[in-house]
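The values are calculated or read from the model by the stated rules, or taken from the named source; none is laboratory data. What you are looking at is a predicted structure, and each value in this text was computed from that prediction instead of being measured. Areas reflect the complete protein model, heavy atoms only, side chains present, ligands, DNA and RNA absent. Shrake-Rupley method; radii C 1.70, N 1.55, O 1.52, S 1.80 Å.
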Amino acid sequence: MIRIDRVWLCAQPLDMRAGAERLLAAVVSTLGAAHAHHGYLFVNSRATRIKLIVHDGFGVWCAARRLNAGRFVWLSATEAVPASLELTRAQFDALVVGLPWQRLPEMAVITRM
(Lines give C-alpha, C1' and ligand atoms only; values in the text may rest on other atoms or scores of the structure.)
Protein backbone atom coordinates (compact mmCIF):
# COMPACT_ATOMS: atom_id res chain seq x y z
CA MET A 1 0.00 0.00 0.00
CA ILE A 2 1.24 3.49 -0.82
CA ARG A 3 1.48 5.77 2.20
CA ILE A 4 -0.21 9.16 1.73
CA ASP A 5 0.04 11.55 4.67
CA ARG A 6 -1.41 14.64 2.98
CA VAL A 7 -3.51 15.22 -0.12
CA TRP A 8 -3.44 18.48 -2.04
CA LEU A 9 -6.13 19.48 -4.51
CA CYS A 10 -4.85 21.51 -7.47
CA ALA A 11 -7.59 24.02 -8.17
CA GLN A 12 -7.02 24.69 -11.88
CA PRO A 13 -8.24 22.09 -14.42
CA LEU A 14 -5.50 20.31 -16.34
CA ASP A 15 -5.29 18.43 -19.63
CA MET A 16 -5.66 14.75 -18.71
CA ARG A 17 -3.27 13.71 -21.46
CA ALA A 18 -0.55 14.92 -19.11
CA GLY A 19 1.60 12.17 -17.68
CA ALA A 20 3.34 11.91 -14.34
CA GLU A 21 6.25 14.14 -15.44
CA ARG A 22 4.02 17.03 -16.51
CA LEU A 23 1.83 16.70 -13.41
CA LEU A 24 4.93 16.70 -11.23
CA ALA A 25 6.15 19.84 -13.01
CA ALA A 26 2.80 21.51 -12.27
CA VAL A 27 3.13 20.63 -8.57
CA VAL A 28 6.69 21.95 -8.35
CA SER A 29 5.81 25.18 -10.18
CA THR A 30 2.77 25.78 -7.95
CA LEU A 31 3.99 24.60 -4.54
CA GLY A 32 7.76 24.84 -4.97
CA ALA A 33 8.40 21.13 -4.28
CA ALA A 34 6.76 17.72 -4.27
CA HIS A 35 7.12 16.17 -0.82
CA ALA A 36 7.40 12.47 -0.03
CA HIS A 37 4.13 10.81 1.00
CA HIS A 38 2.05 13.67 -0.32
CA GLY A 39 -0.63 13.18 -2.98
CA TYR A 40 -1.57 15.81 -5.56
CA LEU A 41 -5.00 15.64 -7.19
CA PHE A 42 -5.87 17.12 -10.60
CA VAL A 43 -9.14 17.35 -12.58
CA ASN A 44 -9.99 17.87 -16.24
CA SER A 45 -12.05 20.89 -17.39
CA ARG A 46 -15.36 18.93 -17.43
CA ALA A 47 -14.68 17.41 -13.97
CA THR A 48 -15.29 13.89 -15.27
CA ARG A 49 -11.72 12.66 -14.75
CA ILE A 50 -9.17 13.02 -11.98
CA LYS A 51 -5.52 12.07 -11.67
CA LEU A 52 -3.60 11.61 -8.46
CA ILE A 53 0.18 11.60 -8.29
CA VAL A 54 1.99 10.50 -5.15
CA HIS A 55 5.68 10.91 -4.40
CA ASP A 56 6.63 7.89 -2.26
CA GLY A 57 10.20 8.96 -1.53
CA PHE A 58 11.67 6.90 -4.38
CA GLY A 59 9.51 7.75 -7.37
CA VAL A 60 6.13 8.98 -8.48
CA TRP A 61 2.90 6.97 -8.72
CA CYS A 62 0.10 8.14 -11.00
CA ALA A 63 -3.51 6.94 -10.75
CA ALA A 64 -6.54 8.01 -12.78
CA ARG A 65 -10.30 7.76 -12.26
CA ARG A 66 -13.12 8.47 -14.70
CA LEU A 67 -16.79 8.73 -13.81
CA ASN A 68 -19.23 7.02 -16.18
CA ALA A 69 -21.99 9.42 -15.19
CA GLY A 70 -21.99 12.75 -13.40
CA ARG A 71 -19.06 14.92 -12.37
CA PHE A 72 -16.60 15.22 -9.54
CA VAL A 73 -17.46 18.01 -7.11
CA TRP A 74 -14.63 20.49 -7.60
CA LEU A 75 -13.84 24.07 -6.73
CA SER A 76 -15.82 26.68 -8.62
CA ALA A 77 -13.89 29.03 -10.90
CA THR A 78 -15.75 31.94 -9.25
CA GLU A 79 -14.57 31.00 -5.74
CA ALA A 80 -11.55 32.82 -4.36
CA VAL A 81 -9.28 29.84 -3.72
CA PRO A 82 -5.54 29.34 -3.63
CA ALA A 83 -3.77 27.42 -6.40
CA SER A 84 -3.86 24.33 -4.18
CA LEU A 85 -5.83 23.26 -1.16
CA GLU A 86 -5.11 20.55 1.43
CA LEU A 87 -7.85 17.94 1.87
CA THR A 88 -8.59 15.80 4.89
CA ARG A 89 -8.85 12.03 4.41
CA ALA A 90 -12.65 12.23 4.73
CA GLN A 91 -12.81 14.99 2.10
CA PHE A 92 -10.61 12.98 -0.27
CA ASP A 93 -12.73 9.84 0.21
CA ALA A 94 -15.91 11.83 -0.51
CA LEU A 95 -14.41 13.59 -3.54
CA VAL A 96 -13.30 10.43 -5.35
CA VAL A 97 -16.81 8.96 -5.20
CA GLY A 98 -18.44 12.21 -6.34
CA LEU A 99 -19.89 13.48 -3.06
CA PRO A 100 -19.97 17.17 -1.95
CA TRP A 101 -16.72 17.07 0.05
CA GLN A 102 -16.68 20.81 0.80
CA ARG A 103 -19.80 20.45 2.98
CA LEU A 104 -18.72 17.45 5.12
CA PRO A 105 -18.63 19.36 8.45
CA GLU A 106 -22.13 20.79 8.03
CA MET A 107 -23.49 17.46 6.76
CA ALA A 108 -22.29 15.69 9.93
CA VAL A 109 -25.02 17.33 12.04
CA ILE A 110 -28.77 17.34 11.42
CA THR A 111 -30.20 20.62 12.71
CA ARG A 112 -33.83 20.36 11.56
CA MET A 113 -36.26 17.91 10.04
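Annotations for the structure displayed:
- One chain, two ends: Phe58 and Arg3. Fully extended at 0.36 nm per residue, the span grows by 18.6 nm beyond their Cα-Cα distance.
- Residues in segment 1-101 average 59 Å² of solvent-accessible surface per residue, probe 1.4 Å, ligands and nucleic acids excluded.
- Three-way shape label, segment 1-94, alpha-carbon gyration tensor, a/c 1.5: rounded
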